[in-house]
Amino acid sequence: MTTTRTFPNFLLVLLFALSSTSAGLAQGSDVRGTVVDSANGERVSYATVIIQGLGRGAATNMSGFYLIPNVPPGAYTISASCIGYVKQTQDIVVGLGEPLLVNFRLAQEPVKVSETVVTGTARHELTQIQTSVHTMDEQDIQAVPVSAVPDIFHAIQILPGIVSTSDVNSHFYVRGGGGDQNLILLDGMKIYNPFHALGIFSIFDPDIVRTTEVYTGAFPPGYGDRLSSVVSLSTKDGNVNQVSGKANVNFLSSKLQVEGPIGDTYTWLADARKSFSNTTINRFLQKDLPVSFYDAFFKVTAKVTEDRQVRYGLQGFYSGDNMRSGNPAEPDYSWRNHAVGFTASGLVLGRVFVDAVAYETYFQAIRDAKNSVSVTPASTTIQEVGVRSNATLYTDSKDIFYLGFEMSFPTIQNSLVNSFGVLRQTDDLIVDGWFWLRYQTSIGPWQFDGGIHMDAITLMTQGGSGNIQPRLNVSRALFGNWKVKLSYGEFSQNFITVNNEDDVVSIFDTWIHIPEGLSPERAIHYVAGIDGNIAPELSMSLQSYFKNYRSLVVYNRDKVDATDPDYINATGKSYGAELLLRYSIPIVDFYGAYTWSRSLITSQGITYPPRYDRQHNLNLLGEFHLFDNLDATIRWEIGSGFPFSQTVGYYSRLSLNDFYVNPFVYETGTPYISLGEKNAARLPSYHRMDLGLSYHFRVSSVKGRVGVNVINAYDHRNIFYFDRKTGQQVDMLPFFPSATLELEY
Amino acid sequence: MRSPLVHTFVLLGFLLATGGCNESFSPKAPFQQRLVSYSVLTTQSNAQYLLLYLNYNPPGFDPYSVTTITYDTGATVVVSSPSKNFQFHDTLLSPTIHAFVAPLFRPLPGTSYVLSIVSSRYGTLSSSTTMPAQGYLSVADQSRLLYPNSFSDQNIEIDCVLGQGAHGYLVRFFLDYSLERDTTFRGTEQIPISFGQDSLGLTAPIYPVLQRADGPKPIVMYPVENYLQTIVALTARYATGIKPMGARLLLIQVDQSLYTYFNVANGFQDKFSIRTDQPDYSNIRNGLGIFGSFNVDSTIIRY
């Protein structure tokens, strides 16, 4: 199946027209520049730059770039600030005509966990408007209590509305959405399965990540082809000042990262992690963990021009996991990921800042059945090349336009033994294209952020208003730092994962494009929220949401023969509420998030909860600052069980496959498992407590951390995989003590 | 300042003490004993059969650990038509197979039948089926059978007329033959509708499969070439020429329940499906299995 379309380039024409118009109205000069970290030259996203006395300002974008348009001529003091950094001010003189370049190099200062999660006291401009966005940078990730080593996805799973399961293919579910409904971007490159097995780590070493944006719903134009959430990661460029490195070793894995400059123009960064072999783990801890993994990342960045902040980057990412059983009757699994991309960013056309990436991403999962009687061999591969570009247009006012497009060419190859017992192999090339227009403005206490996101290919091939997706976020300041926020958005998704819906727990999902004749999956999000500080040391955020799934793709339960489709469109809904509390005093930072959620799918006359319907989820974490350089952390998560269909009995089932030839009474039947009502039962609840103790030290130019951690402190058995046909059960990480040594020079 | 710490550590102690209690997990619901009933009425036999046995619950998860089938031999089994009741009797068909048999019962095309099973231990089961009405089939141009070499690039067109109540149909085309060196020999060979490859990559005949009855007059095409290849294959098999004696055409029509069960239990007969589930279907109220029917009509063409 191949679809081809030519992408219109009228966007560039429109961009040029808007840029020319806004520049023509100028009455002063633009002040622009970048904000970087003085220690390593990394760009600082979402820093606030303000011209004091003028009441004008701007926030840096993901590239650390800011632009304050049309500043009247005169002498000013301009400051840049960001939590985690020391505020810096400069005196400037703005003339008439040429833009003034003002760069900032901010020095780091310690940040605590209480500052990591955004509510009314948000540091990021972005979160002032959006109901459902969280931003975290490296320091935020480091501040979240960890299992053995810091991890991005463990960190974001403390956010309300995000439910983790540690199932391999979809480690988290957002606001009642499916695991395949989360868009994961690494420097704009799509990553299809960003997790290592057994829920130990995500595949991204947090030390390569500069900034993480997490949208748990109603995300703005610019993000598409997913129904539930967006996690967008921006990586570091590498240290511009000197060659530096970081090493970490713990009982599970070891890692090494080095970075540095090459002349004044280039920087580089290389990072690799690898798990210890099962033999090693077994020898040390007498724990049989049938998994091993590795991941690696490299990046080379060229900073071409200072005034226009033109940068080019080449980055690559690789990861792999193996889950191998010593029992020849139990299947083996392996997963592979890689992504390679070329990025470019910089200021063009005066006030237009462009970010672009051309990428190739690859994901493969293989199930080797070996001698198993209950599973069959299978593999799924998705390989995608694409280009994504976003232009930010700064106008004379505070208003900002965003305009962008994404074109990608995924190839999906699947191999599986289907219900008929036939090896089914598919190989599909699809063309996917999106473009978007976004506008941000503020009027008094109101802030607006909205626009449209368009599924260009589906729109051109099928038409339909659902492919032009309006999205709007509105925020209004109340008293104090309290804000009320409302969001609306329409979303669609053309790529989904399918699996055997009758499995108790599925760890092998197959990516497919929506089958021909079916509508893409569609959802409308409604979100309302309020946040602010109850007391200086206590903040609260309360949000509620409703998602109307106008189209989902599920089993056709009425399929009888080959002329009936495998899948059909269904409808669904999910709704819930999230409460986030943060309490911070000098000795302790406390964080609590509770999510109540309900999801239902209606198909062919029955309504049932999908397998990702977790109704209650509670995350508690605390960091205790016991002494200087000595912190203790506790993290506890509990989630109610996911639905599954119970086994209600077994019987000898006849195939009757030659009923017209031989009397059926002589047929030898095969055992068949009868299932009860669909997803009417629940798996046991998931809960796990992790404890940690960290001591930070410095010896000469070497910084270090020694940590003692206990994962799953009370050794709760959380189910990772269960085969109802054999009773094989694999649990997630058991009680696992670990020690960590981390050195940085 | 100490209060939060104290509270936290009290909570921590509580969680450590209580949290380690693991819930045992089994995907099994409490087992409910149910009867499994299989009966497929057919017009091609004077006796009808019904299997009646119990579902089971192995001690672990291996369904093969239960190796014996427990039959319910004491039930009362009756199939009723609008005009007559047919009592089924428990019979030992083989040392290991119990079946209920109704001798001298040949169902009538177009007739509805109601199954009633009363078991003193496992309750009452019931179901119904309507035997498809009589159908017809014919060869549009019989000269293609008589002089196949003259039509080797053509098709043999078989025209069917399905009876009321047929939800699926299957055409089978047989060649009756004798041998040139032994004219008393009589053999029958099914003609494939096409040829494909088996798992070893060897050429293998493909025979028609049960089709959905989308209209009352389906047409089935057999390439004459397949007919000729069958003759060639038989000649090779017997190392002598064969003498075609005639053609036999069978039209098998199945009712809705049997059609659905057959397809669902056999992977929807869909080799292109990407589904990997194994769903179930039953039209037995209060039980499992199937009560269906099929009607066989034939046309014989003598050369």
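The values are calculated or read from the model by the stated rules, or taken from the named source; none is laboratory data. What you see is a predicted model; the values in this text were computed from it and never measured. When we count neighbours, we look across all protein chains shown, and the Cβ atoms used for this are built from the backbone with ideal geometry, even at glycine.
If you scan the stretch A:213-254, which residues turn out to be over 22 Å from residue A:529 (Cα atoms) and part of a strand (DSSP E or B)? Residues satisfying the conditions are A:232, A:233, A:234, A:235, A:244, A:245, A:246, A:247, A:248, A:249, A:253, A:254. Summed over the stretch A:632-657, the residues that are on the phi < 0 side of the Ramachandran plot, facing another protein chain (nearest Cβ under 10 Å) and free of Cβ contacts under 8 Å to residues at least 60 places away in the same chain give a count of 12.
In the stretch A:170-195, of all residues being over 25 Å from residue A:294 (Cβ atoms) and in contact with a Leu (Cβ under 8 Å, 6 or more places away or on another chain), the one that is modelled with the highest pLDDT corresponds to A:181. Per the listing A:419, A:415, A:475, the residue uniquely within 14 Å of chain B (Cβ to nearest Cβ) and in contact (Cβ under 8 Å) with a residue 24 or more places away in the chain is A:415.
Can you find a residue in the stretch B:269-282 that is without any contact (Cβ under 8 Å) to a residue 60 or more places away in the chain, within 14 Å of the chain's Cα centre (by Cα), more than 8 Å from every other protein chain (Cβ to nearest Cβ) and over 19 Å from residue B:109 (Cα atoms)? Within the stretch B:269-282 (the criterion being without any contact (Cβ under 8 Å) to a residue 60 or more places away in the chain, within 14 Å of the chain's Cα centre (by Cα), more than 8 Å from every other protein chain (Cβ to nearest Cβ) and over 19 Å from residue B:109 (Cα atoms)), the answer is yes, since at least one residue qualifies. Residues in the stretch B:182-204 that are outside any strand (DSSP E or B) and surrounded by 12 or more Cβ atoms within 10 Å (Cβ to Cβ): B:191, B:192, B:193. Is it the case that some residue within the stretch B:236-256 is among the hydrophobic types (A, V, I, L, M, F, W, C), within 11 Å of chain A (Cβ to nearest Cβ) and surrounded by fewer than 19 Cβ atoms within 10 Å (Cβ to Cβ)? There is at least one residue in the stretch B:236-256 that is among the hydrophobic types (A, V, I, L, M, F, W, C), within 11 Å of chain A (Cβ to nearest Cβ) and surrounded by fewer than 19 Cβ atoms within 10 Å (Cβ to Cβ).
Applying the selection to the stretch A:686-745, what residues are of a type in the set (A, V, I, L, M, F, W, C), touching a Lys or Arg at 6+ places or on another chain (Cβ under 9 Å) and within 12 Å of chain B (Cβ to nearest Cβ)? Break it down into steps so the answer makes sense when it comes.
So the first thing to find is which residues in the stretch A:686-745 are of a type in the set (A, V, I, L, M, F, W, C), and the list is A:689, A:691, A:693, A:697, A:699, A:702, A:706, A:708, A:710-711, A:713, A:719-720, A:722, A:730, A:732-733, A:735-736, A:739, A:741, A:743.
Next, from what is left, pick out any that are touching a Lys or Arg at 6+ places or on another chain (Cβ under 9 Å): A:689, A:691, A:697, A:711, A:713, A:732-733, A:735-736, A:741, A:743.
Listed by number, the residues that qualify are A:689, A:691, A:713, A:735.
If we scan the stretch A:671-678, do we find a residue that is at the interface with another protein chain (Cβ under 9 Å from one of its Cβ atoms), closer than 30 Å to residue A:602 by Cα, among the hydroxyl-bearing types (Ser, Thr, Tyr) and surrounded by fewer than 22 Cβ atoms within 10 Å (Cβ to Cβ)? Yes, because at least one residue in the stretch A:671-678 is at the interface with another protein chain (Cβ under 9 Å from one of its Cβ atoms), closer than 30 Å to residue A:602 by Cα, among the hydroxyl-bearing types (Ser, Thr, Tyr) and surrounded by fewer than 22 Cβ atoms within 10 Å (Cβ to Cβ).
Results for (1) assigned to a strand (DSSP E or B); (2) within 12 Å of chain B (Cβ to nearest Cβ); (3) over 20 Å from the mean Cα position of the chain (by Cα), shown as yes or no for each residue.
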site	(1), (2), (3)
A:486	yes, no, yes
A:489	yes, no, no
A:492	yes, no, no
A:502	no, yes, yes
A:507	no, no, no
A:511	yes, yes, no
A:519	no, no, yes
A:523	yes, no, no
A:526	yes, no, yes
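Of all the residues in the stretch A:326-348, those that are surrounded by fewer than 17 Cβ atoms within 10 Å (Cβ to Cβ) and assigned to a loop (DSSP other than H, G, I, E, B) number 4.
Condition check: over 23 Å from residue A:179 (Cα atoms) and not aliphatic (A, V, I, L, M). Does residue A:625 satisfy that?
yes
Within the stretch B:54-77, the set of residues being more than 9 Å from every other protein chain (Cβ to nearest Cβ) and among the β-branched types (Val, Ile, Thr) comprises B:67, B:68, B:70, B:73, B:76, B:77.
Scanning the stretch B:37-72 for residues that are assigned to a helix (DSSP H, G or I) and not aromatic (Phe, Trp, Tyr), which turns out farthest from residue B:291 (Cα to Cα)?
Pass one, the stretch B:37-72, residues assigned to a helix (DSSP H, G or I): B:63-65.
Narrowing the set further to residues that are not aromatic (Phe, Trp, Tyr) leaves B:63, B:65.
On the way: B:63: 25, B:65: 28 Å.
Checking each candidate, the answer is B:65.
Is it the case that residue A:732 is under 27 Å from the mean Cα position of the chain (by Cα) and under 30 Å from residue A:329 (Cα atoms)? So residue A:732 passes the test.
Per the listing B:286, B:226, the residue uniquely more than 7 Å from chain A (Cβ to nearest Cβ), of a type outside the set (Gly, Ala, Ser) and on the phi > 0 side of the Ramachandran plot is B:286. Looking only at the stretch A:699-712, decide whether some residue is under 30 Å from residue B:60 (Cα atoms) and buried (at least 18 other Cβ atoms within 10 Å of the Cβ). Yes, the stretch A:699-712 has at least one match. Of the listed requirements (1) at pLDDT 90 or above; (2) closer than 30 Å to residue A:133 by Cβ; (3) surrounded by fewer than 16 Cβ atoms within 10 Å (Cβ to Cβ), residue A:75 misses just one: (2).
Residues are listed down the side, and each one gets a yes or a no for (1) touching a strand residue (DSSP E or B) at 6+ places or on another chain (Cβ under 6 Å); (2) over 26 Å from residue A:571 (Cα atoms); (3) surrounded by fewer than 24 Cβ atoms within 10 Å (Cβ to Cβ):
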position	(1), (2), (3)
A:174	yes, no, no
A:183	yes, no, yes
A:210	yes, yes, yes
A:222	yes, no, yes
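Restricted to strands (runs of 3 or more DSSP E) entirely inside the stretch B:207-303, those with at least 1 residues that are over 29 Å from residue A:648 (Cα atoms) and aromatic (Phe, Trp, Tyr) are B:219-223, B:287-302. Picking from residues in the stretch B:151-165 that are in contact with a Phe, Trp or Tyr (Cβ under 9 Å, 6 or more places away or on another chain) and buried (at least 20 other Cβ atoms within 10 Å of the Cβ), the one that is farthest from residue B:254 (Cα to Cα) is B:156. Could you list all residues from the stretch B:120-150 that are over 30 Å from residue B:298 (Cβ atoms), crowded, with 16+ Cβ neighbours inside 10 Å and at pLDDT 95 or above? Listed by number, the residues that qualify are B:125, B:126. Residues in the stretch B:269-290 that are more than 23 Å from residue B:219 (Cβ to Cβ), crowded, with 21+ Cβ neighbours inside 10 Å, at pLDDT below 95 and not β-branched (Val, Ile, Thr): B:273, B:275.
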